[in-house]
1. Quick test of your reading of the structure: ALA303 fulfils all but one of (1) open to solvent by 10 Å² or more (accessible area, probe 1.4 Å); (2) in contact with a Ser or Thr (Cβ under 7 Å, 6 or more places away or on another chain); (3) assigned to a helix (DSSP H, G or I). Name the failing condition by number.
2. Which residues, counting only those in the range 294-325, are among the charged types (D, E, K, R) and touching a Leu at 6+ places or on another chain (Cβ under 7 Å)?
3. Could you give every pair whose Cβ atoms fall below 9 Å, whose first residue belongs to the range 184-210 and is farther than 13 Å from GLY232 by Cβ, and whose second residue is open to solvent by less than 70 Å² (accessible area, probe 1.4 Å) and among the charged types (D, E, K, R), counting only separations of at least 6 or pairs across chains?
4. From SER5, SER19, grab the single residue that is at pLDDT 95 or above and surrounded by 22 or more Cβ atoms within 10 Å (Cβ to Cβ).
5. List the residue pairs whose Cβ atoms are under 7 Å apart, where the first residue sits in the range 132-148 and is farther than 18 Å from LEU299 by Cβ, the second is open to solvent by less than 30 Å² (accessible area, probe 1.4 Å) and assigned to a loop (DSSP other than H, G, I, E, B), and the two are 6 or more positions apart or on different chains.
6. If I ask for residues that are within 23 Å of ALA52 (Cβ to Cβ) and in a loop (DSSP other than H, G, I, E, B), which ones from the range 224-264 would you list?
7. Regarding ASP134, is this residue open to solvent by 20 Å² or more (accessible area, probe 1.4 Å) and either part of a loop (DSSP other than H, G, I, E, B) or touching a Lys or Arg at 6+ places or on another chain (Cβ under 6 Å) (or both)?
8. Would you check if GLU294 is open to solvent by 10 Å² or more (accessible area, probe 1.4 Å), on the phi > 0 side of the Ramachandran plot and either among the hydrophobic types (A, V, I, L, M, F, W, C) or at pLDDT 95 or above (or both)?
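The values are calculated or read from the model by the stated rules, or taken from the named source; none is laboratory data. Keep in mind it's a predicted model, so treat the numbers as computed, not measured. For neighbour counting, all protein chains shown are included, and Cβ atoms are generated from backbone atoms with ideal geometry for every residue, glycine included. All accessible areas refer to the heavy atoms of the entire protein, side chains included, with ligands and DNA or RNA removed. Shrake-Rupley method; radii C 1.70, N 1.55, O 1.52, S 1.80 Å.
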Amino acid sequence: MTAKSITIVGAGLGGALMSVFLGKAGHRVKLYERRPDPRKGAPGRARSINLAISTRGLAALTRVGLDRKLLDVAVPMRGRMVHAVDGGLTFQPYGHEAHHVINSVSRAGLNRLLVETAEAMGNVEVRFGQRCVDVDLASAAGVFRDVDTGAASTVAADLLIGADGAFSEVRLAMQKTDRFEYAQSFLEHGYKELTIPAAAGGFPMEKNALHIWPRGGFMMIALPNVDGSFTGTCFWPFSGENSFSALATREDVRLFFEKTFPDVVPLMPSLTEDFLQNTVSSLVTVRCAPWRHEDRVVLLGDAAHAIVPFYGQGANAAFEDCIVLDECLRESPSDTAAALTTYEKRRKRHADALADLAIGNFLEMRDKTASTTFLLGKRVEKLLAKTFPGRFVPLYYMVTFSRTPYADAVARARRQWRVVFAASGLLLTVLVVLAIVLARR
C-alpha cells in the first residue's frame, strides 16, 4: 500500500482509534484536537457518560491489539437492574449465554489509552489545543487555530478525516457544497451526570448490572466503574413537569429525589451540590449524505451519524466505522475515491437504522422496562432463542453481541416475528378446529 499523508480532525474515540489503524497501515497521520491534553493541567469539562463496549467495539480494539487492555479496566454488565419507586429490584439479563455481557468503561480512560497508543507510533503525530476553523475540501486542507496563542496554520494532506463530533467543522464545510443533505433533531430531553461514590466495602449496588430507574417519561441510569463508584445520568425533559428547570434550589432537588428515586439518595452524599453544579447537555441525532467529498475528505463517527446513547452503540458504531474504512482503503490502495464510496455504501444505511433503534430504546428504557407485558415479551424472546438457536435471534442480541449490520438485523428481526405470528395463528386455528370436531362427537 502506498503511504498517504492523512489529517484527522478530532482526537475523540473514533478519531484516536482511526489514527491507530492508519498508523499500523503505514500512513503518515496528524491528529488534531481542539481540547487541551487531558494529561496536562486541569482537565476541561467533557462528556463522561460511561461507555458500554460490546462485540463491535471489541472487534475493532482486537484488530489493533487493545482488547485486553480495555477489558482489564472494564466492569462486565450482565443485565439491567430495574429500581421501582418502592425500592423493589428486578434483574433483566441481557441474554442467556456467558458472552452476553456489555462492558462499562470510562470514556476518558479509553480515550487516553487510544491517544497514548497513537502517540507511541512513530508515524502518528498528536496535537492538542488546535481548533479546526475552516476546511478546503479541494486540497484536503484544514485550517487550525491554536487555542492559546491564536496562531493559525494550514495543513494539507492526501486525505482529511472529519472525526470531530456531532457539530463537526469538517461536515460544515461539506454542507456548503451542492446537493449535500443534512438533518439534525434534538430530543426534548437532556442529560445531567451525577456520581455515586464507592462504599467502604466496594460497590454500593450490584456490580455487574446497568442500573435503571424508569419513571415514565424520564429516567435515571447508573453504570459501574472499576473503583467501586457508579456514574449516574439523569435523562429528563429540559422544561415542564419532572424536568431540569423545575429544580432550582437544594430543597427542590432533595424533595424530588426522595420522592422519585428514594433508594439512591442515601448513596449520594453530594447529590444536591452535584445536581446544581453540573451542566445539562443536549441529545442530538444527525443524518447526512454524502459522507465523502471526492477522494479528499470523509466523515467518521458522530460527524457522520451522531445518535442518542440509549442502545449503547455510539462508540461501538464509531469503532466499527474504523474497521470498515481501514478495510476499504486496503481493498483500493490506489483509488481513494472508490474506497471512500465503498465505505459509505457499507455503513450509511446501517447508521440510519441504528439512529432509529437508539430513539426506540430510549422509549423502552424509560417507559417499558417496569411493565409486566414488556417482561413477558422478553421472556418469550429468550425462550424462542433457546428453543431455536441460530434460527431465532433477538434483535438486541444481533445489535449488541454480533457484527450483523444494523439494518440487516432489523430486517431479520421483523422476518422472524412474522414467522412466529404466522405459526401462532396456524396453531390457534388448528386448536379451534380440533375443539369444534371434538365437541361434535
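1. Here ALA303 meets the rest and fails (1).
2. ASP295, ARG296, ASP321
3. Going by the 9 Å Cβ cut-off, the qualifying pairs are HIS189/ARG366; ALA209/ARG80.
4. Selected residue: SER19, the only one of SER5, SER19 that is at pLDDT 95 or above and surrounded by 22 or more Cβ atoms within 10 Å (Cβ to Cβ).
5. Here the result reads ASP146/GLY129; VAL147/GLY129; ASP148/GLY129, each pair linking the range 132-148 to a residue that is open to solvent by less than 30 Å² (accessible area, probe 1.4 Å) and assigned to a loop (DSSP other than H, G, I, E, B).
6. Result: ASN225, VAL226, ASP227, GLY228, SER229, PHE261, ASP263, VAL264.
7. No: the conditions fail for ASP134.
8. In short, yes.
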